[in-house]
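Peer 1: Just passing along the structure, written as structure tokens.
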Amino acid sequence: DAKTTQPPSMDCAEGRAANLPCNHSTISGNEYVYWYRQIHSQGPQYIIHGLKNNETNEMASLIITEDRKSSTLILPHATLRDTAVYYCIVRVNNAGNMLTFGGGTRLMVKP
Amino acid sequence: KAGVTQTPRYLIKTRGQQVTLSCSPISGHRSVSWYQQTPGQGLQFLFEYFSETQRNKGNFPGRFSGRQFSNSRSEMNVSTLELGDSALYLCASSPWTGGNTIYFGEGSWLTVV
């Protein structure tokens, strides 16, 4: 699977949008971009995934650049409960269920 | 629908002992995978089971093993425990092997003393 690069930490004010970037410049055409988050001492929580089109669900939006070399996870109105480590993962969907986690981005939402 | 359930949540073992951790996947999910999380190495893939067969294996010694039962429930075993095996062990399930979203349980915290 392609390697991803994320900033180690970010801050966001409560109520503002949190934009978390991810670089995956070596992504292959059949690799999806997945986002998970892990709140302290809990298991990772699935957020969203996409292939090349932008995606939105009740938790977040995923914006993937046209060349697919980077993406941004957007939490539209961050709350204190969104404080977590966010992981961007690229994955070939038909090659088993092994996820390769990087260091992620530690998002701190501040009042 | 119940999520991925892992037992026990917390346990303490002594070096040299062995431990067995249990995972019940989401109902209808047939793939179960296991991960180890430590402060130094982060989240690392251990192995995946589908239809009672190991499908993928991460880079861990043979002391780490697992199995899956016909009802898709899974267990992992660590023998001859070392201090470095202290970690959060996470189980994840998915309907199939590849092509579906993977959902994680809350994990089992293992402390080796």
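Readers should treat all values here as calculations from the given coordinates under stated rules, not as data from a laboratory. Source: prediction; values computed, not measured. Ideal geometry is used to build each Cβ from the backbone, glycine not excepted, and the neighbour counts take in all protein chains shown.
Peer 1: How big is the dipole moment of the stretch B:1-97 about its Cα centre under a simple scheme where the beta carbon of each Lys and Arg is +1, that of each Asp and Glu is -1, and everything else is neutral? Debye, nearest 20, please.
Peer 2: 120 debye
Peer 1: A further question on this structure: Taking each residue of B:99-106 in turn, how many C-beta atoms of other protein chains fall within 10 Å of its C-beta, and what is the average? If you can, show how the numbers build up before the last one.
Peer 2: Working: counts 8, 2, 8, 9, 5, 8, 3, 3.
Neighbouring Cβ atoms belonging to other protein chains average 6 per residue here.
Peer 1: How many nm separate the modelled label positions at B:Val113 and A:Asp11, each set 7 Å beyond the Cα in the direction of the Cβ?
Peer 2: Distance between label points: 3.9 nm.
Peer 1: What lysines does B:Lys57 reach when the alpha-carbon gap must be under 23 Å and sequence neighbours fewer than 8 apart in one chain are set aside?
Peer 2: Cα-Cα hits under 23 Å: A:Lys3.
Peer 1: Binning every alpha carbon pair distance of chain A at 5 Å from zero, what are the percents per bin?
Peer 2: In whole percents, the pair-distance histogram is 2, 13, 24, 26, 20, 10, 4, 1, 0.
Peer 1: Stokes-Einstein at 10 °C, 1.306 mPa s, Kirkwood radius from Cα pairs: D for chain B in µm² s⁻¹? Provide the component values of the computation, followed by the final result.
Peer 2: Values: Rh = 13.9 Å.
Approximately 114 µm²/s, per Stokes-Einstein.
Peer 1: Something else about it: So if we plug the beta-carbon distance of A:Ile63 and B:Glu52 into 1/(1 + (r/R0)^6) with R0 = 45 Å, what FRET efficiency do we get, rounded to 0.05?
Peer 2: On the way: r = 40 Å, r/R0 = 0.90.
Once rounded, the FRET efficiency stands at 0.65.
Peer 1: Per chain A: cysteines with no other Cys C-beta under 4.7 angstrom?
Peer 2: A:Cys12 - these cysteines have no disulfide-compatible partner (Cβ-Cβ under 4.7 Å) in chain A.
Peer 1: What list of ³J(HN,Hα) couplings, whole Hz, do you get for the stretch B:86-103 from phi and the Karplus terms 6.51, -1.76, 1.60, once you set θ to phi - 60° and write x for glycine and proline?
Peer 2: 4, 5, 8, 9, 10, 10, 9, 10, 8, x, 9, 9, x, x, 10, 5, 9, 10
Peer 1: Give me the one-decimal nm value for the distance between modelled label points at B:Arg63 and B:Ser79, 7 Å along each residue's Cα-to-Cβ direction.
Peer 2: Distance between the two pseudo-spin positions: 1.2 nm.
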